[in-house]
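*Asks:* Below you will find the structure I want to go over with you.
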Amino acid sequence: MKSLFTTFLVFPCLLCVTACGSNMMMTNTTNMSRQLQTITVTPASATAQSTSRQVQFTPMGSYTMAPMSAMPTVLWSVGDPFSAMPAAAGVTINQNGLASCSTFSGMVTIQATAPMNPSMSLMQMGMMTMNVAGAAQLTCP
C-alpha cells in the first residue's frame, strides 16, 4: 500500500515541481538573450537656434543580436536621471527628445537612458537596474 501511495501521489508531485521550475528558467534565459550595448545620441553636440531655442535629439541603440541597430525607447534627461545633483533650471527635454532652452544660457549634458534588457519597461528602470546611457552636449545661447 505504501508503494502505491508513493507511486501515485509523490512521483507526480515531483514531476510537476521539476517541470515548472525548468520552464521558468527557460523563460528568463530567453528574455535576457538580446541586450542593448550602447546608445548613440545625435547630434552629439548642438546649439539651440536663437529663434526657437530648441534642438531635436535622436537615440540609436546597438544590440548584441539582430536587429543590431534600432531606436530604443529611452528616458530623456538633462544630466543623469538618477543623480542627486539637480538639473540646470531653464532647460527641459520632452519624451520625444526635443530639448528647449528657456532661461538658461550655457552648456548642459543631454542624456538618453534605457534598460539593458529590451523587454524591461522604462517604468521598471532605476539606479539599481542594468542601464545603458548615451549623451550629447547642448549649448543654450
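*Asks:* Subtracting the Cα-Cα distance from 0.36 nm times the residue separation, let me have the gained length for residue 121 to residue 89 in nm, one decimal. Don't skip to the answer; put the middle values down first.
*Replies:* Numbers: separation 32, 0.36 × 32 = 11.52 nm, distance 2.77 nm.
Going from the current span to full extension adds 8.8 nm.
*Asks:* Any idea what diffusion coefficient segment 73-141 gets from Stokes-Einstein, in µm²/s, Kirkwood Rh on alpha carbon pairs, 10 °C, 1.306 mPa s?
*Replies:* For the chosen part, D equals 126 µm²/s.
*Asks:* Can you give the FRET efficiency to the nearest 0.05 for residue 80 and residue 102, using r as the Cβ-Cβ distance and R₀ = 30 Å? Present the calculation step by step, with values, prior to reporting the outcome.
*Replies:* Details: r = 21 Å, r/R0 = 0.70.
Using R0 = 30 Å, I get an efficiency of 0.90.
All of the numbers you see were taken from the coordinates with simple rules; none came from a lab. Predicted model only: the values in this text are computed from it and were never measured. Reconstructed Cβ throughout: ideal geometry from the backbone, glycine too, with neighbour counts over all protein chains shown.
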